[in-house]
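Trainee: Take a look at the following structure, please.
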Amino acid sequence: METSKIKELIGIAIQQLKFSYTPYSNFKVGAALLAENGSVYTGCNIENAAYTPCNCAERTAFFKAISEGVHNFQAICVVGGKNGELTEYAAPCGVCRQVMMEFCNPETFEIILAVDPEHYQVFRLKELMPMGFGPANLA
Ligand code: THU
């Protein structure tokens, strides 16, 4: 992906931190999911007093897109940190990686982890989810 597009997605993901609802962990996460059609779906993490209903920023973005009929994706950018301070990469949890396996090609889908527009690293889904189980296994 072009560097300018990566920086744009990082900026959008950082903007989502202000919506992050985290009264329990105060660990704020923002995500920007780029669909094949060029649309960007945003997400933040949303916590809950009962804990188990907590939703990660990545899944918020995916479920917003899926709920609008969009199923094809190029990349997701994820930023996060305690108190919303971005000091290190916030890598997607295992559940979010599994959701990515459902809708993304592990060979091509890119996961951009960033702390700011100048400091980021790009991974393919297959790197973060080796030997992942997905729809192809049931075909
Ligand atoms: N969280 C995310 O939103 N994405 C991740 O990839 C890791 C964890 C959230 C869930 C919870 O609200 C907080 O970070 C602490 O786990």
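The values are calculated or read from the model by the stated rules, or taken from the named source; none is laboratory data. The model shown is predicted, which means the values in this text are computed figures rather than measured ones. A quick note on method: Cβ atoms are made from the backbone with ideal geometry, for glycine too, and the neighbour counts reach across all protein chains shown.
Trainee: Picking from V40, V70, which residue would you name as being at pLDDT 95 or above and closer than 22 Å to Q121 by Cα?
Mentor: Of V40, V70, the one residue that is at pLDDT 95 or above and closer than 22 Å to Q121 by Cα is V40.
Trainee: Applying the selection to the range 86-139, what residues are surrounded by fewer than 13 Cβ atoms within 10 Å (Cβ to Cβ), within 20 Å of M1 (Cβ to Cβ) and not charged (D, E, K, R)?
Mentor: Scanning the range 86-139 gives T108, H119, Q121.
Trainee: Output yes when any residue across the range 62-75 is more than 23 Å from E8 (Cα to Cα) and touching a strand residue (DSSP E or B) at 6+ places or on another chain (Cβ under 9 Å), and no when none is.
Mentor: no
Trainee: Look through the range 1-55, keep the residues that are under 17 Å from M100 (Cβ atoms), surrounded by 19 or more Cβ atoms within 10 Å (Cβ to Cβ) and within 12 Å of the ligand (Cβ to nearest atom), and return whichever of them is nearest to the chain's Cα centre (by Cα).
Mentor: A31
Trainee: Which of the residues spanning the range 95-117 are more than 17 Å from G30 (Cα to Cα) and out of contact with any His (no Cβ under 7 Å at 6 or more places or on another chain)?
Mentor: Residues satisfying the conditions are Q98, M101, E102, C104, N105, P106, E107, T108, F109.
Trainee: Can you tell me how many residues in the range 56-90 are in a loop (DSSP other than H, G, I, E, B), among the hydroxyl-bearing types (S, T, Y) and within 15 Å of the ligand (Cβ to nearest atom)?
Mentor: Number of matching residues: 2.
Trainee: I would also like to ask the following. So which residues in the range 119-139 are assigned to a loop (DSSP other than H, G, I, E, B) and either touching a residue at least 60 places away in the same chain (Cβ under 8 Å) or touching a helix residue (DSSP H, G or I) at 6+ places or on another chain (Cβ under 8 Å) (or both), if there are any at all?
Mentor: M129, G132, F133, G134
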